[in-house]
Amino acid sequence: MKESALLEMRNIHKSFPGVRALQGVDFTLRKGEVHALMGENGAGKSTLIKVLTGVYEKDEGQISLEGSVATIRSPQDAQKVGISTVYQEITLCPNLSVAENIFIGRTKSVYQNWKKMNADTEKILQSLDIPAKATQQLESCSIAVQQMIAIARAVDMDCKVLILDEPTSSLDEQEVAKLFKLMRELKAKGVGIIFVTHFLDQVYEVCDTITVMRDGKLVGEYPIKDLPRVQLVSKMLGKELDDMADIQSEAPKFERKEGSVPVLEAEGLVSDAGIKPFDFHIDKGEVNGFTGLLGSGRSECVRAIFGADRVLGGTVKKDGKVIKINKPLDAMKNGIAYLPEDRKIDGIVGDLSVRDNLILAQQVLKGFFRPFSKAEANKFADEYIKLLSIKTASADTPIKSLSGGNQQKVILARWLLTHPEYLILDEPTRGIDVGTKVDIQKLVLKLASEGMSVTFISSEMDEMLRTCSRLIVMRDRRVVGELTGDDLNQNKVMGTIAGGDK
Amino acid sequence: MHKEMKKSNNGNFFSRIVRQQMFIPIFALLILVIFNIIMDPSFLEITLGTNNLGNPVLGGYLIRILDNGSEVAILAIGMTLVTAASGGQDISVGAAVAIAGSVLLRVLCGGDTRAETLQSPVILAFLVSCIVAMLFGAFNGVLVAYFRIQPMVATLILYTAGRSIAAWVNNNELPIVSEQSFKYFGGYIPGIPIPTPFFIMLACVIIMCLVLKFTNLRLYTQAVGINENSSKLNGLNPALIKVLTFVILGLCVAVVGLIKVSRNSTINYSVIAKDIEMDAILAVALGGNALGGGKFNMIASVLGAYVIQLLTTTLYKFNVQSDALPAYKAVVVIILVVISAPTVRAWFTSMMKKFQTKEVA
Amino acid sequence: MKKKLLTMVLSVAMVAALVTGCGNDGSTTTTADTAATDDAAADTATDDAAADTATDDAAADTATDDAAADTATDDAAADDTADTASSGELIKVGIINNNPNESGYRTANDNDLKATFTEENGYDASFSYSNVNDEQIAYAQTFIQNEVDYLLLSAADTAGWDSVLTDAQNAGIKVILFDRVIDADESLYEASIVSDMEKEGQTAVDWLKGQGLESYNIIHLQGVMGTAAQKGRSAAMDAAAASEGWNIVTQQTAEWNAETAQQIVQSVIDSGQEFNVIYAENDDMARGAVAALDAANISHGVGKDVIIMGFDCNKWALQELLDQNWNYDGQCNPFQSSYINDIIKTLESGGTIDQKTIIMDEKGFDATEITADDVEKYGI
């Protein structure tokens, strides 16, 4: 049965200097369909979305909407023809109110009825169960709420095509469920939804059709029932995937040696980011993790260890000796490395080249008056680009033009270059394709087996369970438990997080 | 077949040049020079004469441009760094030059406005003015870096108060230096026919290039300018680096103060280096540097400074009516800034490509 | 620790800046005493124009043109003090001036006012400075609220004064304009004491005419376009060039700036055009022009290749005249205070002012005639 096509993209081409991002891609979206767009990072998903929404101009090809050819040269054009987008990174204005964000750029007259606008906003927020006020400044909402507001804005614009680009990567389960409910409602109304995500579970929960892309080319379009997970993953990677479960069995289990001194030990550590004082220790070669709901304080804990927030109290010992960490440089000098949670804000230095981004931390450690020579810097860059198989046109390419996963790899390389004794990875796999996720997990276990201590934080429970031998559980900004050995299973962790079994 | 290959290579070569940051200032310089040569072939002439002290001096438009553009070029060095690190501009440099010059004269003349002989060596006076200018730079820097005031607003304080402070340093008197050797810095050293400011500018550029080569100043300022959070997590102290750039600008200010004061052997607090901050900022912009901070190209800024001077000289040369002078300048500047806008350059590149494919076809 | 240190350094710097800001006023008041002698000298310069309007004896004394005048003015001032002291009250004066750092002219002007409107002379004077019209108007409103007796005003801009001056009139405050005129109805102020810039220019141009050169090839360096001084001084030159057939080689604004003037003259030299007169609308620009000539080894001054003309009579400029490096300098008299003093005294004693606009006497100096005494007396 050929359903009526809502949106058709035919033979889309797009090139950037040095990269052919899209090569003859076709894409069809039907009415009342949730259509997953899958592919590794750098496969061209984001570019395709940006072409569709007029952010980029296509080099070649044709886009038609409801049978007639649509010219989309700008995001405004896209909005006009009924294509709305919620991007992976929030693109609202943090210094405006929630209502202003929802209505910005949409009023036709010069006059703005503020009262009505705020009232309308309250209605929308209520209908979507978003815990925010219309007059609240967007900045003061959590990232998850901001994301929901972005969706609310798109939904409210009576769109025919709704594009959700990684909308769930910063939402917790309840919020995701709410979003899915919303998606189903929209679907029933005949809206076509393009859903870009890395969460396979979510794809199978909500989608009807899957289009898979790889290396800027179309792999194929499949009804969801015809494409089991394993096949989907193998199509995305272009090879048969080692079963993820293998990772764990490959890795040697960490055994704590009796009487050994922890590599790092903290007592009563507290920072100005609003966490309760906590104790922490990690041994040589151990992989542990902080787990808990979003906002439970797991990132704040590791930031306190690294000196990223202002440390207010507590003692830190390294190899049994007391050290002082007031700022990141102190931590770095003591062999601690920290890959921050928000890659875009805290990680990459966007306009700088891959090379400069890669050597930055090691260069700072080396000192202001001792810059690396160009040859040295290039050597490091080439070495790590190869080691982590970073996909970049060259070491001179600005990091911001890389895909998210490759950016993350560069940041990881930056810290590996400093040869840390203790590596903190805060959400290293967020917004990253399956292949890279597995790579990073493998790498973590490999590094640990070589004697590095690693703290691993992830929103994905199974990732944590696979990699960590000890989990520190957080709830409401305090440490509520520590799980090891047989306790490391989903139910136990969930129970501890929820705090029900006490 | 071969011909086609060559053509497309040329096209690539050309579009590669257009994408280069240095393209804008060089292109602007070339256009202005060509315009001048067409209008007046004697533009490139350089003459050797003597000044009233019997020293050999070179004359001609080119020499004048090199001479008079020095101050803006030197300030552009510091302004580039401040722009890169703080994402804003220091609008107080003109006032700061007045202070530096005033301090210099105060030390030179020792408070006596008509001192027949210098009360202290020039080098001492210069060092004192350097320290003062760097302190004022640090003051601006601390406001920007630690108190997080927008650079333009923070430097507005000194912009407003600077010339009064300069006047106060010398009790509102106008010291005049009669010592001839003091004129060397803004004029000519006996026996050397090239204006000294040009050498001073050259020295500043060379020193800065060496500093950029042998320290991490470039990497640090760029990193701080692009992503402060990330820089901090990589062990940098963004505030300190911002202050550092303002202090370096302070040093540039002191050097310019020396040249300016030496040119006239005196100072006029209200007009010395007037509006020079705007020229310095413009030089940075014409150099194709983003005024929002981040990556920078020092040499491009210096070239930008000479574009401005070339433009000024050209306008004087063609005796543009006084009332219309700023308008002409504005028009040219607008054209240059528009050309250097990324969107226009992208358009230009794509046009080149289309042109090229058509030709091949 | 470092942060603390930096904060300390910063606060010290801020305090220093504050002190300089305030200290500036302080220093000008302290120098006011020394300026008093200049002021006295200026008083001697005042003559008929002031005498015409003056009705009391003290002002008549100032018209005498010799050294004795110094003591005469002092006596006059002493008499005034006695007068007002007997009436038991100081005359409240609010003075709105341009920033004294603006130029040597303004510094001299401010010092002159400060030396005259003192308590000893029977005045309670408040000063405020701005080069911005809006701020000046705000100051005027403050003065009106403070119920001053007289408002002395040197307006930054000619327009926008009507309403605030009407307010002043309604409050019974008398307004006297000095140095600059405004676009407002004459009834709103008692008098305006101004320099006639066109006359200054005319005097200079007449002098130039008198030189009887074979040909006139003139570089005309203008001040900031649109200012009264620029308009007046340019107008005279433009008119003369048209009527006498003088050749203006170049006419450019150097915006009162020496360096810009130097660049413009250099540009003319580089172009190879002939010139034998530099008409600069202030001393700084003349100085810059001379620097360009020196660098090109072109002789200037009395009996040399190029005639140098400047304005404002800075002391150093008059010294150049005395050394015969320059040829002419036109005066722009900054010493209005004695005129104002006379008017206030007249009004206080119930007299009337016959003439609204009082034009100050201004000279032009020729290098061949100037004396060392002139330099001391008229230099600002």
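Quick note: the coordinates plus some simple rules give every number you see, no bench work behind them. Because the structure is predicted, anything quoted here is derived from the model rather than measured. Note that each Cβ is placed from the backbone with ideal geometry, even for glycine, and that neighbours are counted across all protein chains shown.
Please give the direction-averaged projected area of the C-alpha convex hull for the stretch B:230-345, in square nanometres with one decimal.
9.9 nm²
Where does the charge balance sit around residue A:455 when Lys and Arg score +1, Asp and Glu -1, over other residues with C-beta under 11 Å from its C-beta?
0
Which length gain, in nm to one decimal place, applies between residue A:20 and residue A:140 when the Cα-Cα distance is subtracted from 0.36 nm times their residue separation?
39.2 nm
Give me the distance in nm between label points sitting 7 Å out from Cα along the Cα-to-Cβ direction at residue A:93 and residue C:171, one decimal.
It is 4.2 nm.
Along its principal axes, what span do the Cα atoms of the stretch C:302-380 show, with the longest given first and each in whole Å?
56, 20, 16
If you take each beta carbon of peptide C:243-255 and count the beta carbons of other chains within 10 angstrom, what is the mean?
That average works out to 2.
Can you find, among A:179, B:322, B:335, the residue farthest towards the positive end of the dipole of the protein assembly as shown? Put +1 on the C-beta of Lys and Arg, -1 on that of Asp and Glu.
Toward the positive end, the furthest listed residue is A:179.
What is the magnitude of the charge dipole of the protein assembly as shown about its Cα centre, with +1 placed on the Cβ of each Lys and Arg, -1 on the Cβ of each Asp and Glu, and no other charges, expressed in debye to the nearest 20?
10360 debye
Can you give the net charge of the other residues whose Cβ lies under 14 Å from the Cβ of residue C:236, counting K and R as +1 and D and E as -1?
-4
Among bridges DSSP assigns within the protein assembly as shown, what percent are antiparallel (round to 5)?
Counting only bridges with both partners in the protein assembly as shown, antiparallel ones make up about 40 percent.
Using +1 at the C-beta of Lys and Arg and -1 at the C-beta of Asp and Glu, which of C:107, C:169, C:184 has the Cα lying farthest in the positive direction of the dipole of the stretch C:99-214?
Positive-most Cα among the choices belongs to C:107.
At each listed q (0.17, 0.22 Å⁻¹), what is the log10 of I(q)/I(0) that the Debye formula gives for the stretch A:302-427 modelled as equal alpha-carbon point scatterers?
With no solvent term, the Cα-only Debye profile gives -0.87, -1.29.
For the stretch C:168-266, state which GluC sites (Glu not before Pro) are in a DSSP loop and have at most 11 other beta carbons lying within 10 Å of their beta carbon.
Those that pass, being in a loop and sparsely packed, are C:214.
Quick one: Kirkwood hydrodynamic radius for the stretch A:33-161, alpha-carbon pairs, angstrom, one decimal?
Radius from the Kirkwood sum: 16.1 Å.
Where both partners of a DSSP beta bridge lie in chain A, what percent of those bridges are antiparallel, to the nearest 5?
Taking every DSSP beta bridge within chain A, about 55 percent pair in antiparallel fashion.
How fast does the stretch B:180-223 diffuse by Stokes-Einstein, in µm²/s, taking the Kirkwood radius from C-alpha pairs at 25 °C and 0.890 mPa s?
Answer, rounded: 200 µm²/s.
Which value, to two decimals, describes the C-alpha radius of gyration of the protein assembly as shown once divided by 2.2 N^0.38 Å?
Cα-based Rg divided by the globular estimate yields 1.15.
Can you give me the distance in nm between label points at residue A:62 and residue A:231, each placed 7 Å from the Cα along the Cα-to-Cβ direction?
Calculated label separation equals 3.1 nm.
Alpha carbon centre of the stretch A:345-390 versus the stretch A:144-222: separation in Å?
Cα centroid of the stretch A:345-390 versus Cα centroid of the stretch A:144-222: 36 Å apart.
Take every residue in peptide A:341-351, count the Cβ atoms of other chains within 10 Å of its Cβ, and give the average of those counts.
Counting other chains' Cβ atoms within 10 Å and averaging over A:341-351 gives 5.
Using Cα atoms only, what is the angle between the long axis of helix A:404-417 and the major principal axis of chain A, expressed in degrees (0 to 90) to the nearest 10?
Approximately 10 degrees, to the nearest ten.
When only alpha-carbon atoms are used, what values of Rg and Dmax, in angstrom, describe chain B?
Taking only Cα atoms of chain B, I get Rg and Dmax of 22.2, 80 Å.
Dipole of the protein assembly as shown (Lys/Arg Cβ +1, Asp/Glu Cβ -1, origin at the Cα centre): which of A:467, B:177, C:242 lies farthest to the positive side?
A:467
What FRET efficiency comes out for the pair residue A:158/residue A:205, r = Cβ-Cβ distance, R0 = 35 Å, nearest 0.05?
After rounding, the FRET efficiency stands at 0.85.
Need one number: the % of Cα-Cα pairs in the stretch C:235-279 sitting beyond the 16 Å mark.
Tail of P(r) above 16 Å: 43 percent of Cα pairs.
Test of understanding: express the Cα radius of gyration of the stretch C:115-191 as a ratio to 2.2 N^0.38 Å, with N the residue count.
1.04
Per residue, how big is the convex hull around the C-alpha atoms of the stretch C:246-326? Give it to me in cubic angstrom, could you?
86 Å³
Give the lysines reachable from residue C:174 as a straight Cα distance under 21 Å; neighbours fewer than 8 places away on the same chain don't count.
C:92, C:114, C:345, C:356
Tell me, what is a quarter of the convex hull surface for the C-alpha atoms of the stretch A:301-359, in nm² with one decimal?
4.7 nm²
Looking at the stretch C:106-248 from every direction and averaging, what is the projected area of its Cα convex hull in nm²?
Averaged projected hull area, Cα only: 10.6 nm².
Below 11 angstrom from the Cβ of residue B:176, what's the summed charge of the other residues (Lys, Arg +1; Asp, Glu -1)?
So the surrounding residues net to -2.
Order these peptides, A:389-398, A:434-443, by their mean beta-carbon neighbour count within 10 angstrom, highest first.
A:434-443, A:389-398
In a Debye calculation with equal point scatterers on the alpha-carbon sites of the stretch B:169-293 and no solvent, what is log10 I(q)/I(0) at q = 0.15, 0.23 Å⁻¹?
-0.89, -1.40
Under a no-solvent Debye model with one identical scatterer per Cα of chain A, what's log10 I(q)/I(0) at q = 0.06, 0.09, 0.12, 0.13 Å⁻¹?
One equal scatterer on each Cα of chain A leads to -0.30, -0.68, -1.20, -1.37.
Based on Cα coordinates alone, diagonalise the gyration tensor for the stretch A:412-470, multiply each eigenvalue by 5, take square roots, and list the semi-axes in whole Å, largest first.
Taking √(5λ) for each eigenvalue gives 18, 13, 10 Å, largest first.
Report D for the stretch A:125-207 in µm² per second (integer): Stokes-Einstein, Kirkwood Rh on Cα pairs, 4 °C, 1.567 mPa s.
Translational D for this selection: 98 µm²/s.
For residue B:123 and residue C:132, what is the calculated FRET efficiency with R₀ set at 35 Å and r taken between the beta-carbons, to the nearest 0.05?
It comes out at approximately 0.30.
Can you give the Kirkwood hydrodynamic radius for the stretch B:41-134, in Å, rounded to one decimal and based on Cα pairs?
About 16.4 Å for the stretch B:41-134.
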